[in-house]
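Taking it in order: structure first as C-alpha cells, then the write-up.
Please treat every number below as a calculation from the coordinates, not as lab data. Bear in mind the structure is a predicted one, so any value in this text is a computation, not a measurement. FYI the Cβ positions are ideal-geometry reconstructions off the backbone, even for glycines, and counts take in every protein chain you see.
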Amino acid sequence: MSFKDVEKQLDYFRYSRDEVHGYSKAVGKLLDLSIYYVPDAEKAYAEGKKAVWAGMSGWEIPLIYSNGIIPVMFSEMGRFAGVEAITIAEDYYQFPQETCSMVKCVVGEWHLRKNQAKSIKRILGSAVACEPYNMAWEIIKQEGYEVFNLDVMYRGPGVIGERLEQLVEFFVDQIYRVQDWLTGGQPVNEEQLKVEIAKKNRILLKVRKILDLRLKHPFYIRSLPAIYLLNGLNTYFGKPEEFEEAVDILIEEMEHITEETAQDKVIPLVWVGGTGQEFGVYEAIDQAGGALLGFRNVPFKLYREDIHPVEALARYVVDNQNAGASVYVQDLVEQEIEKVNAKGLILQGVLGCSYSTIAREMWREHFHQKGIPSINLEGTFQFGAPSGQLVTRTKAFIEMLS
Amino acid sequence: MKKFQEVIDDSLIGELSHDTVIGVDIGSRTGKAVLLDGDNIYTAIVPTGVYAQETADKLLGKLLKEAQLEKQQIQFMVGTGYGRVILDFGNIPLQIITEISCHAMGAHYLNANVQTIVDIGGQDSKAIRVDPRNGKVVEFIMNDKCAAGTGIFLEKVANLLDLSVEKFGQEALKAVNPSDISSQCVVFAESEVISLKARGEKREDIAAGIHVATIRRIKNLINRIGLQPDLIFSGGVSNNAGMKKALEDMVGYPVSPVKLDAIYAGALGGAILAQKALLSNAVPTGYKENKYVS
C-alpha cells in the first residue's frame with residue numbers, strides 16, 4: 001500500500017504498520033492490537049465475556065480489569081466510523097453541527113449497535129466536565145443503554161491540604177459506587193486491584209523507557225504509533241499480556257539500534273492534545289521532519305502501592321495533569337518541553353470541544369512568552385483525509401521551525 | 001520574460017544562482033509558475049482545472065515554450081499551493097513546500113524589508129510574519145474556518161452585483177458611503193447583499209461594504225501576529241484595488257509596491273527555494289518510500 005492509496009482511518013494504520021514501520025515487529029503488533037481492539041472486545045462480549053464501554057480517564061481501567069471485565073474505550077470507535085455515524089447524530093438526534101465531532105461520532109456508533117442483540121450495552125461515563133458527553137449519555141439511555149456517570153471532580157489551582165483530602169475522600173466514594181455498578185454490588189477485590197495497579201506501574205515504566213529511547217532514536221517510531229502507544233497504555237487495547245509483550249519487544253528493538261540519528265535533523269515537538277482521528281496530520285508531521293517526542297498525556301506519575309488500592313486510584317486522579325485546572329497541564333507541558341528540548345508545541349483540540357480548545361489560548365500565550373512557538377489545530381472525527389488547510393498549517397509550522 | 005534586476009530586490013540579487021528551476025503554485029482558483037534561468041524570470045498563469053497535475057503540466061509547457069528550454073534542462077522544482085500534494089514531474093527532482101513558506105520567501109526577494117504579508121487566496125487567507133534577514137516564516141495564522149475573507153467570497157458577491165471580479169474592486173473605489181455589512185458568514189452576507197440591493201443602495205457602496213467586511217476579518221489575523229512594516233499583499237486577491245485600499249485604510253499602513261504581480265509571490269518563493277535546495281543538496285520530498293533512516 002502506498003500513501004496515495006490511503007483513504008480511510010484504518011488505512012493509515014495499515015500503511016504505518018506495513019510501509020513505514022515494516023522493520024519493526026513490535027510496532028506492527030502494537031498497531032494490530034489497536035486495529036482489532038474494538039472488534040475483538042465486541043466479539044469476546046458476544047461469546048460471553050464481560051465488557052463495558054469506558055472513557056479515557058485511566059484510573060477506572062485497573063478497577064475494571066480487577067473485576068474480570070474488558071474496558072472498551074468508546075472514542076476508539078472513531079476510526080471505524082463513517083459518515084453515517086455523524087449524520088445519525090446530526091439528523092436523527094438533531095445535534096447541532098458545531099457539537100463536538102467525537103461525541104457525534106460515538107453516539108452515531110452506539111445508535112448503529114443499539115439493535116444488535118449481543119452488543120455491549122453498558123457505558124461507564126467519566127468525562128469530568130464534558131457537557132456534550134453528559135448530554136449524549138442522557139440521549140443514549142433512551143436507546144436502551146445502561147449508563148453510569150460519575151459526578152464531576154475538579155481540582156482548582158492551589159487546592160492542597162484539607163481541601164485536597166476532601167477531594168480524595170469524595171472520589172474514593174465515587175470509585176466504590178462505580179464498583180457497585182460494575183459488579184452488581186460485589187466488594188472491591190483488593191488483592192486483584194493491587195495486582196492490576198502493580199501491572200499498570202510496571203507497564204507504565206516500560207513505556208517511559210520507550211519514550212526515553214525515542215529521544216535518542218526519534219524516528220524509529222513515528223507519530224501515529226507513538227500516540228497509540230500512549231493510548232494503549234491506558235486500556236492495553238483489551239489485551240494486557242499482548243500489549244506488555246509488544247512493549248517489551250519494542251524496548252528490545254530500540255536498545256539494539258546501531259545507527260545514530262543526526263540530532264540536527266530532528267525537529268522535536270510536544271503534542272498537546274488528544275488523539276483525534278485525522279491521522280493525515282501525523283503523516284504531515286513525519287514527512288516534514290517533525291518528531292512528536294513530548295506529550296500532554298505522558299505518564300509522569302505512578303500509582304501509589306503503599307496505600308489502599310482504591311485510595312491509590314483516587315490520588316492518581318487528583319495528582320495528575322488532568323485533575324481539573326488547565327494550569328496542571330501547562331506545568332507538565334513545561335517539563336516536557338525541557339525534557340525533549342522542544343522547538344514547538346502542537347496544540348490540538350477536537351472541533352466543537354470547548355473543553356479542549358479554550359485552554360489552548362492560555363497555553364499559547366504562556367509559552368510564547370517563553371519563546372516557544374505553537375500552532376493550534378482543530379482535529380475532527382471525520383471520515384477520510386484531513387482538510388488540506390489542516391495539513392498546510394501543520395507542515396508550514398514545522399517548516400518554520402526547521 | 002524579465003531580468004532579475006527588474007524584479008528582485010537589489011540587495012538580494014547576488015544571492016540567486018543561475019540554476020534553472022521552477023516554482024509551481026497550484027491555488028484553488030489559479031495555477032501560477034515561475035521559471036528562473038540564468039538571470040531571467042519567466043511567469044505563467046492558468047485557471048486551476050479539475051486535475052492539479054494537468055494544470056501544472058500546462059504551466060510547465062508554457063514556461064518551457066517561452067524560455068525555449070527542454071524539460072530535462074530543469075534542475076529542480078518546488079511544488080506549492082493546495083494542489084501541491086499530488087504533483088509529479090517524472091525525472092525532475094521535486095520538493096513539496098507549503099505556500100506559507102513560499103509566499104514568505106517570494107515576498108522577501110521582492111522586498112528585502114518585508115516583515116508582514118497578507119495573502120488572500122481563493123479558499124483561505126493568511127497573515128505571515130517574515131524574518132527580514134532570511135525570508136523565513138516567523139509566525140503565521142490562517143483563516144480557513146470560513147469562506148468570508150477569501151477570494152471565493154468576493155467572487156460570489158461580485159456575481160450578485162453583476163460585476164466581474166476585476167471590476168468589483170474598482171467599483172468599490174467609487175463609493176462615498178460604504179454599506180454596513182454586519183454578517184461574517186458568506187451565506188448570510190449574500191442574503192444581506194440581496195436585501196441591500198432591494199433597498200436601492202448603490203452598487204459601489206455595497207461593493208465597498210463587502211470589501212470592508214472582508215478586511216475586518218483579515219485585520220484580526222494581522223493583529224494576532226502583529227503588523228511590522230514593510231507590508232506586502234499577495235495572493236490572487238492582491239490585484240483587487242478595492243481590497244488593497246480597504247486593507248490600507250483598516251490597518252493604517254500602506255502596502256509596499258513590488259515589481260512583480262504579487263499573485264506570483266508563492267511561485268517565485270518556490271523557485272528560489274528550489275535554487276536553495278540545489279545548493280544544499282536537499283533530498284527531493286516528492287513521494288518516497290518511508291523507511292527507517294535514522
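Some points to look at:
- Each residue, A:ALA198 and B:ASN91, gets one label point 7 Å from its Cα in the Cβ direction; the gap between the two is 6.7 nm.
- Gyration tensor (alpha-carbon) shape descriptor, the stretch A:220-293, a/c threshold 1.5: oblate
- Projecting the Cα atoms of A:ASN149, A:GLY280, A:MET135 onto the charge dipole of chain A, computed from C-beta unit charges around the Cα centre, puts A:GLY280 farthest toward the positive end.
- Restricting the stretch B:164-242 to trypsin sites (Lys or Arg not before Pro) that sit in a DSSP loop and have at most 14 other Cβ atoms within 10 Å of their own Cβ leaves B:LYS174, B:ARG199.
- In plain terms, chain A is cut at each of the chymotrypsin sites (Phe, Trp or Tyr not before Pro) found in a DSSP loop with at most 13 other Cβ atoms within 10 Å, and the longest leftover piece is A:155-402.
- Relative contact order [Cα under 8 Å, 6+ residues apart], chain B, whole percent: 24 percent
- Remark: the stretch A:62-68, residue by residue, has Karplus-estimated 3J(HN,Hα) of x, 5, 5, 4, 5, 9, x Hz, where x stands for each Gly or Pro and the curve is 6.51 cos²θ - 1.76 cosθ + 1.60 at θ = phi - 60°.
- Calculated FRET efficiency, A:ASP40 to B:SER195, Cβ-Cβ distance, R0 = 45 Å: about 0.20 to the nearest 0.05.
- Within the stretch B:114-257: Cβ-based charge dipole about Cα centre, in debye rounded to nearest 20 (Lys, Arg +1; Asp, Glu -1): 200 debye
- Relative contact order (percent, whole number), the stretch B:114-257, Cα cutoff 8 Å, 6+ residue spacing: 32 percent
- Coil-residue trypsin sites (Lys or Arg not before Pro) of the stretch B:107-158, DSSP, other Cβ within 10 Å capped at 13: B:ARG133, B:LYS145
- Charge sum, other residues only, whose C-beta stays under 12 Å from B:TYR109's C-beta, Lys/Arg counted +1 and Asp/Glu -1: -1
- For chain B, the dipole from Cβ point charges (+1 on Lys and Arg, -1 on Asp and Glu) about the Cα centre works out to 360 debye, to the nearest 20.
- On the basis of the beta-carbon distance and an R0 of 22 Å, A:LYS141 and A:GLN97 show a calculated FRET efficiency of 0.40.
- GNM on chain A, alpha-carbon springs under 10 angstrom: the most fluctuating residue among A:GLN348, A:GLN94, A:GLN335 is A:GLN94.
- Additional length obtainable on full extension of the chain from B:GLU248 to B:VAL176, 0.36 nm per residue less Cα span: 24.2 nm
- The stretch A:335-402 and the stretch A:152-168: distance between their alpha carbon centers, rounded to Å: 30 Å
- Expected 222 nm ellipticity per residue - DSSP helices of 4 or more, -39500 (n - 2.57), all of chain A, to 500: -16500 deg cm²/dmol
- Over 27 Å (Cα to Cα) - which of A:LYS339/B:LYS126; A:LYS29/A:LYS200; B:LYS167/B:LYS259; A:LYS301/A:LYS370 fall in this group: A:LYS339/B:LYS126
- Measuring gaps between exposed loop sites in chain A (GluC sites (Glu not before Pro); DSSP loop; at most 15 other Cβ atoms within 10 Å), the longest gap, sites not included, is A:144-258.
- Projecting the Cα atoms of A:VAL38, A:ALA89, A:GLY22 onto the charge dipole of the stretch A:1-90, computed from C-beta unit charges around the Cα centre, puts A:GLY22 farthest toward the positive end.
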